[in-house]
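Comments concern the structure below.
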Amino acid sequence: TPKLSGGVELGYEYVDYDGGESTHNYGASVFGNYRIGRGLYAHAEYQVVNYETFSTVDGSSRDTVSFLLLGGGVVQPLGGRTSAYVEVLVDVLQDSGSPYEDWQPVVSAGVAVGF
């Protein structure tokens, strides 16, 4: 609709640590945006990510963490169905397994393509 949009996102991350360890993290999310005004939007996103963490005592372990990210952003059309965006979100679930500090903002920027 003109004011409401949504989508799904699949994510993959390869991490190589200085200590020689490396890992593959992956996840998925579903999100919605509500256009507040020209170029401004509110954003809500439920995300689940599977992380591998390393410990000198326990070795490595995998943990699945859920996030509920709320916030907003700005968007600039680039032409056709393509636009650039910057958003600031905060995880309101505050799962103990989260890699983020408590109430640490998550800043994202990118290019979106609508189908």
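Details
- Each Lys and Arg contributes +1 and each Asp and Glu -1, all at the Cβ; summed about the Cα centre of region 12-76, the dipole is approximately 620 debye.
- Among the chymotrypsin sites (Phe, Trp or Tyr not before Pro) within region 51-108, those in coil by DSSP and having at most 13 neighbouring Cβ atoms inside 10 Å are Trp103.
- About its Cα centre, the chain has a charge dipole of approximately 1000 debye under the convention of +1 per Lys or Arg Cβ and -1 per Asp or Glu Cβ, with nothing else charged.
- For the chain: accessible area per residue (Å², 1.4 Å): 68
- Heavy-atom surface analysis with a 1.4 Å probe gives the chain a carbon and sulfur content of 58 percent of its accessible area.
- Using C-alpha pairs under 8 Å with a sequence gap of at least 6, the mean separation divided by the residue count of region 12-65 gives a relative contact order of 26 percent.
- For the pair Ser5 and Asp95, the difference between a 0.36 nm per residue extended length and the Cα-Cα distance amounts to 29.7 nm.
The values are calculated or read from the model by the stated rules, or taken from the named source; none is laboratory data. Since the structure is predicted, the reported quantities are computational estimates derived from the model, not experimental observations. All Cβ positions, even for glycine, are placed from backbone atoms using ideal geometry, and neighbour counts span all protein chains on display. For accessibility, only protein heavy atoms count, side chains too; no ligands or nucleic acids. Shrake-Rupley method; radii C 1.70, N 1.55, O 1.52, S 1.80 Å.
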